[in-house]
1. Any idea how many residues of the stretch 1-33 are closer than 26 Å to Ser170 by Cβ and either of a type in the set (A, V, I, L, M) or modelled with pLDDT of 90 or more (or both)?
2. For the stretch 240-262, give me each residue that is small (Gly, Ala, Ser) and crowded, with 16+ Cβ neighbours inside 10 Å.
3. I want to confirm something. Restricting to the stretch 201-237 and keeping residues that are in a helix (DSSP H, G or I), aliphatic (A, V, I, L, M) and under 17 Å from the mean Cα position of the chain (by Cα), which single residue is nearest to Ala153 (Cα to Cα)?
4. Has the stretch 132-147 got at least one residue that is in contact with a Leu (Cβ under 7 Å, 6 or more places away or on another chain) and of a type in the set (D, E, K, R)?
5. With the structure loaded, tell me whether Ala201 is in contact with an Asp or Glu (Cβ under 9 Å, 6 or more places away or on another chain), outside the structural domain of Lys28 (by TED's automatic domain parsing), at pLDDT 95 or above and not hydroxyl-bearing (Ser, Thr, Tyr) or whether it fails that test.
6. Would you point out which residue out of Asp147, Asp99, Asp133 is surrounded by 15 or more Cβ atoms within 10 Å (Cβ to Cβ) and among the acidic types (Asp, Glu)?
7. Within the group Lys171, Lys80, which residue is basic (Lys, Arg), out of contact with any Ser or Thr (no Cβ under 6 Å at 6 or more places or on another chain), without any contact (Cβ under 8 Å) to a residue 12 or more places away in the chain and not in a loop (DSSP other than H, G, I, E, B)?
Amino acid sequence: MKKIAILSKYSGIYNRGVESWAENLRRKLNVDINPTNILGYDIIIPTNGRAQVFIYRLITWIFGKKLVVFGHSGPGADDKWNLWCSPNVFVAFSSPQADWAKKFKLPWTKVIIIPHAVDTEVFFPSNIPKTHDVLCVAANSRDKRVDLVRKAAPNLLVVGSGQELEVEHSKMPVIYNQSRVFCFVPQPWEAFGLVFLEAMACNLPVVTIDDPVRRGIVGEAGVFVKNPENAKELANAIKLALITDWGDKPRKQAEKFSWIKIAKQYEDICNNNYQR
């Protein structure tokens, strides 16, 4: 088995999507996060983009290592730069993101698709009392558009870095299960949204933006909003989600993205000898 190093400078500081993803990868594939000496590793995965990717592209060229970059930033300037740094492999989280990446990659970079995965043995439904109608899990940044959810949902709980409530990731299954509906309406360039999978794994229906990426994640387990900037339209979507009998649709949708199903795709990256 090839040795893999993930470089994530905020791991252990924040519990955001990238850091949660890195921790899951560490546990599921036995990789190391932020090792002292990366030269003992076969595959380097930088997660902080830009300068970090450029520096480790040079290092991996010099020492004959493989550089794998994941499209956490989503379509835009950051991932254009990451592609121009010529990683051996660029991993997109969805087909639309892969199509976008192929327009900017250099000829020898391989673009593959691996969606995010959720640990369905950690995130699962439980019969604890519901304390909130609507839950939003997002960092306090403009592109997450938490303010739109605040305007549309009166009985709302917001969790995330810089928000009114910061929660250790290990406690998030309880938070999800205390809520009835999950609402997150990011900008369309949001690469994926691991929180959608976590919410659905706890059998929460989702209210989100209507775009190809979110449709691919949520499927028939939620309500899609064309104009989330319209508070009335978003509020009506939330009301519809609250009154609909979803059965186990959200849980079934999340199970399509379970680590048991997705881990094999990560192993394939490790075992293939892509051009350096």
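The values are calculated or read from the model by the stated rules, or taken from the named source; none is laboratory data. Keep in mind that this is a model prediction, so the values were computed, not measured. Heads up, the Cβs are rebuilt from the backbone with ideal geometry, glycines too, and the neighbour counts pull from every protein chain shown.
1. Of the stretch 1-33, the ones closer than 26 Å to Ser170 by Cβ are 4-33.
Of the ones still in play, those that are also either of a type in the set (A, V, I, L, M) or modelled with pLDDT of 90 or more (or both) are 4-7, 13, 18, 22, 25, 29, 31, 33.
Counting residues in the stretch 1-33 that are closer than 26 Å to Ser170 by Cβ and either of a type in the set (A, V, I, L, M) or modelled with pLDDT of 90 or more (or both) gives 11.
2. First, pick out the residues of the stretch 240-262 that are small (Gly, Ala, Ser): 241, 247, 254, 258.
Within the stretch 240-262, Ala241, Ala254, Ser258 qualify.
3. Our first condition is that a residue be in a helix (DSSP H, G or I); within the stretch 201-237, this holds for 201, 212-218, 231-237.
With the extra rule that they be aliphatic (A, V, I, L, M), the set shrinks to 201, 213, 217-218, 231, 234-235, 237.
Among the residues that remain, those that are also under 17 Å from the mean Cα position of the chain (by Cα) are: 201, 213, 217-218.
Details: Ala201: 22, Val213: 24, Ile217: 23, Val218: 20 Å.
Going through the qualifying residues, I end up with Val218.
4. Within the stretch 132-147, the subset in contact with a Leu (Cβ under 7 Å, 6 or more places away or on another chain) is 132-136.
Applying the additional criterion that residues be of a type in the set (D, E, K, R) yields 133.
Checked the stretch 132-147: at least one residue is in contact with a Leu (Cβ under 7 Å, 6 or more places away or on another chain) and of a type in the set (D, E, K, R).
5. Values: in contact with an Asp or Glu (Cβ under 9 Å, 6 or more places away or on another chain): yes; outside the structural domain of Lys28 (by TED's automatic domain parsing): yes; at pLDDT 95 or above: yes; not hydroxyl-bearing (Ser, Thr, Tyr): yes.
Answer is yes for this residue.
6. On the way: Asp147 fails: surrounded by 15 or more Cβ atoms within 10 Å (Cβ to Cβ); Asp99 fails: surrounded by 15 or more Cβ atoms within 10 Å (Cβ to Cβ).
After applying the criteria, what remains is Asp133.
7. Numbers: Lys80 fails: without any contact (Cβ under 8 Å) to a residue 12 or more places away in the chain.
Matching residue, one of Lys171, Lys80: Lys171.
Yes/no per residue for (1) in contact with a Gly (Cβ under 9 Å, 6 or more places away or on another chain); (2) crowded, with 23+ Cβ neighbours inside 10 Å:
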{"residue": "Glu166", "(1), (2)": "yes, no"}
{"residue": "Ser170", "(1), (2)": "no, no"}
{"residue": "Tyr176", "(1), (2)": "no, yes"}
{"residue": "Gln187", "(1), (2)": "yes, no"}
{"residue": "Met200", "(1), (2)": "yes, yes"}
{"residue": "Val207", "(1), (2)": "yes, yes"}
{"residue": "Pro212", "(1), (2)": "no, no"}
{"residue": "Gly216", "(1), (2)": "no, no"}
